[in-house]
Each structure stands twice: as C-alpha cells, then as structure tokens.
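Inspection log for the structure reproduced underneath, given as structure tokens.
The values are calculated or read from the model by the stated rules, or taken from the named source; none is laboratory data. Small disclaimer: the values here were computed from a predicted structure and weren't measured. Heads up, the Cβs are rebuilt from the backbone with ideal geometry, glycines too, and the neighbour counts pull from every protein chain shown.
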Amino acid sequence: MSAAPETGRAWLMASLVVLVALGGINVFLALFIVPKFEQIFQDALPGQRLPGLTEFIMEDQIPLALLAVVWPVGGIAAVWRRYRAAIWIVGIGCVFFFFLIGVTITALFQPMIAIDGGMEAPLTSAEGSR
C-alpha cells in the first residue's frame, strides 16, 4: 500500500504546528510588545499623529490576539475531525499569520523612522578641526 496518506497527514500535522507557533507569536506581539510601543510613541512623539497602519495595530490588538487564538483552535478541530478543508484552513492561517507578523513589525517601526530630532549628523573631519 502507498505511503502517500501518511505523508500527507504528516505534512498537515507539521503545518498545524507552524500555525499554532505563528498564532502564539501574534498573541505575544499583541499582548506584550504592542503596548510597550504604545508607551514609547506617547513619550517620543507627544501629540503627533501616528501612521494609519500603526493606529490600526494599536487599536485592534485585542481582536487580532483573539483571532490568533481562535484560528489555530479551528485548525486543530478541522484536522481532528478530518475535514477535507483542513489543509486550506491551516495553510491560509499560516500565510495570514506570517503576513500579520510582518505588518505588525512594520507598523511598530514605521513611526520610529520619523524620529530624527534628537540626533545630529556626525561631524566630518573638516568640521571638527575648525
């Protein structure tokens, strides 16, 4: 008999582990990292408006964390019940959460690029000898 069904199941289980790990990373970012950046932005950029993507990530961190918990649980349930769509649920979840990690990191560091008031350009050797 062919080993294809066992191999397919192993790939599905490995993908499920990746989905759970990516979901955990998103929960960690939403609950622990984003609030720290919120305080950094309040201190470093008082009264300035943040970019739209950053505001979205800051305001919607709890729904994103809930999604990062619910989706992997749904993936586990789909694999457990052997739904035919389980591979799609797990695969799309992996892609979505990987994308969300990149978007979150971009959103958190984008406002920091605009901070340049506290640093001066280094002196060149000609300016330093005057």
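Which members of segment 38-54 meet the condition of being under 18 Å from the mean Cα position of the chain (by Cα) and either closer than 28 Å to GLY91 by Cα or touching a residue at least 24 places away in the same chain (Cβ under 8 Å) (or both)? Reasoning before the result, please.
Taking segment 38-54 as the starting set, the residues that turn out to be under 18 Å from the mean Cα position of the chain (by Cα) are 38, 51-54.
Selection gives PRO51, LEU53, THR54.
Kindly indicate whether LEU67 is out of contact with any Lys or Arg (no Cβ under 8 Å at 6 or more places or on another chain) and loosely packed, with under 15 Cβ neighbours inside 10 Å. Judged against the criteria, LEU67 is not a match.
Where in segment 1-63 are there helices (runs of 4 or more DSSP H), lying wholly inside it, with at least 3 residues that are touching a Phe, Trp or Tyr at 6+ places or on another chain (Cβ under 8 Å)?
Details: elements: 4-28, 34-44, 52-59.
Here the list reads 4-28.
Which residues, taken from segment 47-86, are aliphatic (A, V, I, L, M) and more than 25 Å from ALA107 (Cβ to Cβ)?
Of the residues in segment 47-86, the ones aliphatic (A, V, I, L, M) are 50, 53, 57-58, 62, 64-70, 73, 76-79, 85-86.
Result: VAL73, ILE76, ALA77, ALA78, VAL79, ALA85, ALA86.
Scanning segment 67-95 for residues that are aliphatic (A, V, I, L, M), more than 20 Å from ASN26 (Cβ to Cβ) and part of a helix (DSSP H, G or I) gives ALA86, ILE87. If the condition is being under 15 Å from the mean Cα position of the chain (by Cα) and in contact (Cβ under 8 Å) with a residue 12 or more places away in the chain, then segment 73-104 contributes GLY93, CYS94, PHE96, PHE97, PHE98, LEU100, ILE101, VAL103, THR104.
Pairing each residue of segment 5-18 that is at positive phi with any residue that is at pLDDT 80 or above and in a helix (DSSP H, G or I), provided the two are 6+ apart or on different chains, yields no C-beta distance under 9 Å.
In segment 22-41, is there at least one residue being in contact with an Asp or Glu (Cβ under 6 Å, 6 or more places away or on another chain) and either of a type in the set (Gly, Ala, Ser) or surrounded by 14 or more Cβ atoms within 10 Å (Cβ to Cβ) (or both)?
Within segment 22-41, the subset in contact with an Asp or Glu (Cβ under 6 Å, 6 or more places away or on another chain) is none.
No: segment 22-41 contains no residue that is in contact with an Asp or Glu (Cβ under 6 Å, 6 or more places away or on another chain) and either of a type in the set (Gly, Ala, Ser) or surrounded by 14 or more Cβ atoms within 10 Å (Cβ to Cβ) (or both).
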